[in-house]
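What follows draws every value from the coordinates through simple rules; no lab data is involved. Owing to the predicted nature of the structure, the values given are computational and were not obtained by experimental measurement. Neighbour counts are summed over all protein chains in view; Cβ atoms, including those assigned to glycine, are modelled from backbone coordinates with ideal geometry.
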Amino acid sequence: MKISWFHLMPYRWLPPDFRERYHSVWVDLPNRLYDPERGHALYNEYLDMLEYADQMGFDAVGVNEHHQNAYGMMPSPNLMAAALARRTERAMILVLGNSIVLYNPPVRVAEEFAMLDVISGGRLIAGFPVGTSMDTNYCYGENPATIREKYREANDLILKAWAEREPFAWNGKYTKLRYVNLWPQPIQKPRPPVWVPGLGSIETWDWCIDHDYNYSYLSFSGYKRAQRVMDSWWAQRAKRRADDNPYSGAFFQQVCLSDTDAACEKEWWPHVDYFFNKCLHLYPAMANAPGYMTEASLRAGIVAQVGNTTGNMGMNKTWKELCEQRYIVAGSPETVRQQLEELAKSLRVGHLAVGLQIGSSPIELTNRSTHLFATKVLPSLRNLFPGYEDRWWPKPLPRERRTAPGSRNEAVRAQVERPAGGAA
Amino acid sequence: MSAGNPVSRVIELGPGRPTIEVLEAGEGAPLLFLHGAGGIPAWAGALPILAEHFRVHAPLLPGFGKSAGLECLDDQWDLFLHCFDVMEALGLSRPYVVGESMGGWIAAEMAALRPKEIGRLALASPIGLWRDDAPVVDMFGKMTHELVPYLFHDQGCPPAQAMLAMSTLVSDKDDRTEEQVEMLLGYIRGFRTAAKFLFPIPEHGLEKRLWRITAPTLLVWGDHDAFVAPSYAKLFAAKIPNARIELVEGCGHAIGLEKPEPYAAAVVRFARGGS
């Protein structure tokens, strides 16, 4: 099993009466609540957390894209990934992902992902989400009735841009380009691995199987409520005669660690409370613009064959309820290890993305959690699912062929900084 | 044929083109009725009254009723041409076109594109124009029950109450009947069609084409329209060469549902009295 350290980058300073005064954390929350100086401190603290995760041996560090959102302050995840590419060494860089329809033209994604892959020495995992309805329709004005068709075309264009070695013309319905000719090309061949984050739309499973993409279920409701969705994923793979490789699936789980179970509640509850009761305060009228979900997915959701797993987001629950229902996996390292092994076995996912920064948790608490996880939990989880090839993982350059950030300055410093004067 | 009891028929427009359900009732001069984003869930409101005076043809856009084939219409130009195709299939020559809200926008665009093919025009609180100081309400970003105060002046009137009742179906519960599930899906399907042409801002440059309209045009507006402000009536009237305004008192945006009698009377009167 491989474990990614995934950051949402929430704003930590929403007012106490936020829920009473505003109808959502997203889309139309007035930005007068945002203080750029606090934002400066947060971005740097959050990047420090990700860099620490790299130092502690996590397999990947992860970022994602949201717009006009106080729990996800990364409208451009690629900027964060670029910072990480320079300041991390071992970890892969999981960008989950770029909402590819929002980039005009979508070759922008092919270019920026290629840049990240080249800067990082081939460590990129490229995420291709459709993007939530809040992000794509309400914030960026994409038409909900055509977004999925546009998404498929953007996907095809990006793949072709990565693959072709000669300029080509692209006459699409949504993008028309006379000359597509990608500079630079990614290091990874034939392309960086692609992961598709989903929320349980049934078409996404076939889409992932057709393209051999990883299906990443990004839920905030924890692994017990994810069972039906992941069971359906495995059932669809079996039906389509795709292999049962656990690495074809990924799951996001929020995790809190302290020295003991009792200490965990005391240390983490204020931050968990902030997340579930402030960050997930959403306005339901903007969850699904008309046409954003296909009729098949809507029907499935309405009659609850696979749906209703995102219906209850975990608001107004006690610490005990959140723990018991596994919205969060929380406690001592031993408690967390047991529950995550149960997660891995019940969902059968080879990739676990853990959210170790939750809500308003500051760096001392978060990094302690990261440290406990890395030293007490990670080693045993790594042993799960031996014998499966992970073909959804980057193939970076070998270490000896990578250029370390700063190393070129060091190599030439003495020569450059020699005393001025004529050569005599 | 009874005015209160429309006949429904389904027309195949041809390969690669939509299939259309048309509701028809009444006798007399042809009247083409273009519905709003709510579709025609029942033969109610102004429709039965108009059918006492005209031969009413009310085609449903793809996604509404039994009409299908939204994927054949890529953008608003396809939509306008489609509506001319429907007119042709119904054998209508220079009809009186009456459009409500979204239908009013389509009717105005048709009259601007092919002025000679539209005999007369009545636009009931049409969308299609935009002013920053009077933004048209976002119909795609509100809960159903939250839309009610924007659509009705009197929120206690029976159609407003019916809409509130329907909004209880939109919840996380799993206990809906099969019939309710289909009703909900039908409602979302219609809204999807509206969104395809109107999301996120219901404005596509109609204002610069309004001068092309030659049909005598009636603008009917609820004097308390909170969805598209009555000030838009003046904008339309200022740009359409032969237009006049009638305000319906004590009425909101859903004019055909809230005040069908004075609204239909104005539409009938306009046909008789000319411009």
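Okay, here's what the table says:
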read-out: FRET efficiency, 1/(1 + (r/R0)^6) with R0 25 Å, evaluated for A:Lys345 and A:Asp261 via beta carbons; value: 0.70
read-out: Estimated Rh, region A:2-416: Kirkwood, alpha-carbon pairs, angstrom; value: 21.9
read-out: Phi-based couplings in Hz for region B:99-113 (Karplus 6.51, -1.76, 1.60; Gly and Pro marked x); value: x, 10, 6, 4, x, x, 4, 4, 4, 5, 5, 4, 5, 7, 6
read-out: Computed FRET value (nearest 0.05) for B:Asp223 with A:Ala242, which takes r as the C-beta separation and R₀ as 51 Å; value: 0.25
read-out: Partner aspartates and glutamates for A:Lys176 [C-alpha distance under 18 Å; skip if fewer than 8 residues away on the same chain]; value: A:Glu111, A:Glu142, A:Glu149, A:Glu153, A:Asp156, A:Glu164, A:Glu166, B:Asp74, B:Asp75
read-out: GNM result for chain B, Cα springs below 10 Å: residue of B:Ala215, B:Ala68, B:Ala108 fluctuating most strongly; value: B:Ala68
read-out: Label-point separation, B:Ala42 to A:Arg19 (7 Å along Cα→Cβ), nm; value: 3.9
read-out: Within the protein assembly as shown, percent of DSSP bridges classed antiparallel, to nearest 5; value: 20
read-out: Candidate aspartates and glutamates - alpha carbon under 14 Å from A:Lys376, same-chain residues fewer than 8 apart omitted; value: A:Asp259, A:Glu334, A:Glu341
read-out: Amide H contacts under 5 Å for A:Cys256, placed H, 5+ residues apart; value: A:Val329, A:Ala330, A:Gly331
read-out: Choice from B:Arg17, B:Arg192, B:Arg131 showing the highest fluctuation, given a GNM over chain B with Cα pairs closer than 10 Å; value: B:Arg131
read-out: Calculated FRET value between A:Lys173 and B:Asp85, using beta carbons and R₀ = 22 Å, to 0.05; value: 0.55
read-out: Within 10 Å of each Cβ in A:285-297, the average number of Cβ atoms from other chains; value: 5
read-out: Anisotropy class of region B:7-273 from Cα gyration tensor, a/c 1.5 cut; value: rounded
read-out: Surrounding net charge for A:Ser248, when Lys and Arg each add one and Asp and Glu each subtract one, Cβ distance under 12 Å; value: -1
read-out: Residues with amide H under 5 Å from that of B:Val137, placed H, sequence gap 5 or more; value: none
read-out: Label-to-label distance, nm, for residues given as B:Leu169 and A:His211 (7 Å Cα→Cβ offset); value: 3.5
read-out: Nitroxide proxy distance, nm - points 7 Å out along Cα→Cβ at A:Ala287 and B:Arg272; value: 5.2
read-out: Of all DSSP beta bridges in region B:7-273, antiparallel share, percent nearest 5; value: 30
read-out: D_trans [Stokes-Einstein, Kirkwood Rh over alpha-carbon pairs] for the protein assembly as shown, 37 °C, 0.692 mPa s, µm² s⁻¹; value: 117
